[in-house]
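So the structure is just underneath, and the comments pick up after that.
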Amino acid sequence: MTKHNQNVAPLTEREAWKRLTAHYQQVRDLHLRTLFKDDPQRGDRMTVEAAGVFLDFSKNRVTDETLKLLVALAEESGLRQRIEAMFSGEKINVTEQRAVLHTALRAPKGASVVVDGKNVVPQVHDVLDRMADFAERVRSGQWKGYTGKAIANVINIGIGGSDLGPVMAYEALKHYSQRDMTFRFVSNVDGTDFAEAVRDLEPAETLFIIASKTFTTLETMTNAHSARDWSLSAFDGDTDAVAKHFVAVSTNAEKVSEFGIDTANMFGFWDWVGGRYSMDSAIGLSTMLAIGPDSFEALLDGFHQMDEHFRTAPFYCNLPVLMGLLSLWYNDFFGAETMAVLPYEQYLKRFPAYLQQLCMESNGKHVTIDGRQVACATGPIVFGEPGTNGQHSFYQMIHQGTRLIPCDFIAFGQPLNRLGRHHDMLLANVLAQAEALAFGKTAEQVKAEGVADWLVPHRVFEGNRPSNMILVEQLTPAALGKLVALYEHSVFTQGTIWNIDSFDQWGVELGKQLANRIIPELESEDQPALAHDSSTNNLIRRCRTMKEASCLLA
Ligand code: F6P
């Protein structure tokens, strides 16, 4: 079995970790006001630009020495070797014995990435070519539904990585989408999700993409069956209609055929693509249908540019490495439990939700790869909303609460919809937030404004609240690819230092198993013998009673 970094010492025994622990005691109380006053060039110096992404990390609670030690920690943790191991197809997802090759999904045609003795890049491009051909036919109206009508509506049915990436990308790139087509996304097993998605649609014009890596996921399969019933009921149950209105995206051809979808209408991917790393695989079919093959190619190129930067840039000027290290600095040394991702771009409204799975399913782990309890806190809780909406909701806590909440601000120089002064106001707000968080407002400043003494404490902003500012020219498909890859690799950087498996997700299994046990207990005609704890037993009985009452009423 490939064990991670056998030559690397446990985290707390690494030299750089010990030095960071001592260093933290020296710098923990340093205020950003002081750091900026003492170094007038700080805001120019502590920036990095690569692949068209500009990062200002000067408003972080770090000194040059902190950065040096963090970079040393990455080196000592074997990050360089781990990056090579990932890119070259080693089975670094140890607990599932799989390679981790989302980077191969965006490798250019001529590249070579060998897994189990086979170059996988040609397969990737075969699927991309098939997707492009299919997308062109649907978008042009050449692909006809069962009654001969063109497809006007596309519904992606999937959950987790088979939903969050597609829905985020659709929203993010709506500006580039084919506007005479409707795109919807159904994920929840709650029937309301499906019912609302189809209520105003014509089955004859609706195409379903059943997106599931495994093609066994309860939510997706339940929704897929409801979709087939809904569709076929409009075509007198003729199962020939399935071929015109259903396509599948999966790694599991057998299950796809069992469901009744011809594998000619299936777009494959591979077990070396993790669900939350799959939006640029065939799972992105809905994205390609929305924005077209050329824009999809630009998206992949954006991913690839960031991959190359991550793979080749020295750590001290490597965007994903720096962001990963800064996040770890707050998480492990300052005890920050959360981080906020705050895009000042309405089209990125689902980006924080997407990042929740990417970051929290990847790094929400309590044991190291060799099965030992981790020595420090792992992945932070990620949350966020687009600016400026969040400012009128939870920013109060970020400015004046008792918790340290590091923020990533994301902003774009050019708007996609230029409307009067809106964009200047948007940018002014994001810059102001970062400034306010870092420098705050002292009691003296508040008093000087003539505020009554008793009110002064309420009006003080202590500042010293860290943030990154990510600036990109414009939200294009390529820019989105770069941003997603930036976070993917930042997650990998942190997971490598913690020595955890960032690519498995065993934590979702127990709930699935227990739900499968409870389903028949809720559905059985007779009172089932219940052998759960007293609370679960009682709740099951209550749910059965409520269901019986609603059946009687219906
Ligand atoms: O929630 C667990 C999970 O396995 C995710 O990792 C994955 O993205 C999601 O379920 C969906 O899985 P599938 O694509 O196999 O339906």
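Give me the helices (runs of 4 or more DSSP H) completely within region 29-118, filtered to those with at least 2 residues that are of a type in the set (A, V, I, L, M) and closer than 20 Å to Gly324 by Cβ, ordered by residue number.
Answer list for region 29-118: 64-76, 79-87.
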The residue from Thr147, Thr182 that alone is within 24 Å of Met221 (Cα to Cα), among the hydroxyl-bearing types (Ser, Thr, Tyr), away from the ligand (no atom under 16 Å from the Cβ) and touching a residue at least 12 places away in the same chain (Cβ under 8 Å) is Thr182
Can we say Val8 is in a loop (DSSP other than H, G, I, E, B), β-branched (Val, Ile, Thr) and at pLDDT below 95? yes
Region 149-188, residues that are under 21 Å from the mean Cα position of the chain (by Cα), more than 25 Å from Phe503 (Cα to Cα) and charged (D, E, K, R): Glu171, Lys174, Arg184
Condition first: within 14 Å of the ligand (Cβ to nearest atom), assigned to a helix (DSSP H, G or I) and crowded, with 22+ Cβ neighbours inside 10 Å. Now tell me which residues in region 230-260 satisfy that. Val256
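Taking the residues in region 496-523 that are acidic (Asp, Glu) and not in a helix (DSSP H, G or I) as candidates, determine which candidate is surrounded by the fewest Cβ atoms within 10 Å (Cβ to Cβ). Don't jump to the end; show me each part of the working.
Initially, region 496-523 is screened for residues acidic (Asp, Glu), giving 501, 504, 509, 521, 523.
Filter again for not in a helix (DSSP H, G or I), leaving 501, 504.
Numbers: Asp501: 22, Asp504: 18.
This residue is Asp504.
Is it the case that region 135-148 has a residue that's assigned to a strand (DSSP E or B) and over 21 Å from the mean Cα position of the chain (by Cα)?
So the first thing to find is which residues in region 135-148 are assigned to a strand (DSSP E or B), and the list is 144.
Subsequent filtering for residues that are over 21 Å from the mean Cα position of the chain (by Cα) retains 144.
Yes, region 135-148 contains a residue that is assigned to a strand (DSSP E or B) and over 21 Å from the mean Cα position of the chain (by Cα).
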Take the residues in region 411-428 that are in a helix (DSSP H, G or I) and over 25 Å from the mean Cα position of the chain (by Cα); name whichever of them is nearest to Val62 (Cα to Cα). Ala428
Just to verify a result, which residue in region 185-208, among those that are among the aliphatic types (A, V, I, L, M) and touching a Phe, Trp or Tyr at 6+ places or on another chain (Cβ under 8 Å), is farthest from the ligand (Cβ to nearest atom)? Ala204
Qualifying residue in region 182-193 (condition: in contact with an Asp or Glu (Cβ under 6 Å, 6 or more places away or on another chain), assigned to a loop (DSSP other than H, G, I, E, B) and among the β-branched types (Val, Ile, Thr)): yes
Looking at region 97-123, which of the residues that are touching a residue at least 40 places away in the same chain (Cβ under 8 Å) and β-branched (Val, Ile, Thr) is surrounded by the most Cβ atoms within 10 Å (Cβ to Cβ)? Thr103
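This table checks each residue for (1) within 21 Å of Gln356 (Cβ to Cβ); (2) touching a residue at least 12 places away in the same chain (Cβ under 8 Å).
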position	(1), (2)
Ala448	no, no
Trp454	no, no
Phe461	no, yes
Met469	no, yes
Glu473	no, yes
Leu480	yes, yes
Leu483	yes, yes
Phe492	yes, yes
Asp501	yes, yes
On the given criteria, is Thr493 assigned to a helix (DSSP H, G or I), within 24 Å of Glu361 (Cβ to Cβ), among the polar types (S, T, N, Q) and more than 16 Å from the ligand (Cβ to nearest atom)? yes
Please give the number of the condition Ser162 fails out of (1) of a type outside the set (A, V, I, L, M, F, W, C); (2) within 16 Å of the ligand (Cβ to nearest atom); (3) closer than 30 Å to His304 by Cα; (4) surrounded by fewer than 22 Cβ atoms within 10 Å (Cβ to Cβ). (4)
What residue, among those in region 190-213 that are hydroxyl-bearing (Ser, Thr, Tyr) and closer than 21 Å to Ala282 by Cβ, is surrounded by the fewest Cβ atoms within 10 Å (Cβ to Cβ)? Thr206
hydroxyl-bearing (Ser, Thr, Tyr) and either in contact with a His (Cβ under 6 Å, 6 or more places away or on another chain) or over 16 Å from Ala438 (Cα atoms) (or both): does that describe Thr66? yes
Go through Gln474, Gln494 for me and flag whichever is of a type in the set (S, T, N, Q), within 30 Å of the chain's Cα centre (by Cα) and under 26 Å from Gly160 (Cα atoms). Gln494
Taking Lys144 as the residue in question, decide whether it is among the basic types (Lys, Arg), more than 15 Å from Val247 (Cα to Cα) and out of contact with any Leu (no Cβ under 6 Å at 6 or more places or on another chain). no
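Being within 11 Å of the ligand (Cβ to nearest atom) and surrounded by fewer than 20 Cβ atoms within 10 Å (Cβ to Cβ) narrows it down to one residue among Thr263, Thr216; which is it? Spell out how you get there, then give the answer.
On the way: Thr263 fails: within 11 Å of the ligand (Cβ to nearest atom).
One residue alone meets the criteria, Thr216.
Of all residues being over 15 Å from Val154 (Cα atoms) and of a type in the set (D, E, K, R) in region 219-229, which is farthest from the ligand (Cβ to nearest atom)? Just the residue, please. Show your work before the answer.
Filtering region 219-229 for residues over 15 Å from Val154 (Cα atoms) gives 219-222, 225-226, 229.
Filter again for of a type in the set (D, E, K, R), leaving 219, 229.
Details: Glu219: 8, Asp229: 20 Å.
Out of the qualifying residues, it is Asp229.
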Might you check whether a residue that is of a type in the set (A, V, I, L, M), within 19 Å of Leu326 (Cα to Cα), modelled with pLDDT of 95 or more and in contact with a helix residue (DSSP H, G or I) (Cβ under 7 Å, 6 or more places away or on another chain) occurs anywhere in region 449-469? yes
Can you pull out the residues in region 367-382 that are outside any loop (DSSP other than H, G, I, E, B) and touching a helix residue (DSSP H, G or I) at 6+ places or on another chain (Cβ under 6 Å)? Val382
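Every residue in region 6-65 that is among the charged types (D, E, K, R), under 29 Å from Lys441 (Cβ atoms) and without any contact (Cβ under 8 Å) to a residue 60 or more places away in the chain, please.
Residues of region 6-65 that are among the charged types (D, E, K, R), as a first pass: 13-15, 18-19, 28-29, 33, 37-39, 42, 44-45, 49, 56, 59, 61, 64-65.
Checking the rest, the ones that are also under 29 Å from Lys441 (Cβ atoms) come to 28-29, 33, 37-39, 42, 44-45, 56, 59, 61, 64-65.
Asp29, Lys37, Asp38, Asp39, Arg42, Asp44, Arg45, Asp64, Glu65 - these are the residues of region 6-65 that are among the charged types (D, E, K, R), under 29 Å from Lys441 (Cβ atoms) and without any contact (Cβ under 8 Å) to a residue 60 or more places away in the chain.
Residue check: is Thr220 assigned to a helix (DSSP H, G or I), among the polar types (S, T, N, Q) and touching a strand residue (DSSP E or B) at 6+ places or on another chain (Cβ under 9 Å)?
The answer is yes for Thr220.
The values are calculated or read from the model by the stated rules, or taken from the named source; none is laboratory data. Everything numeric in this text was worked out from a predicted model, so none of it was measured. In this analysis, Cβ positions are derived from the backbone assuming ideal geometry, glycine residues included, and neighbour counts consider all displayed protein chains.
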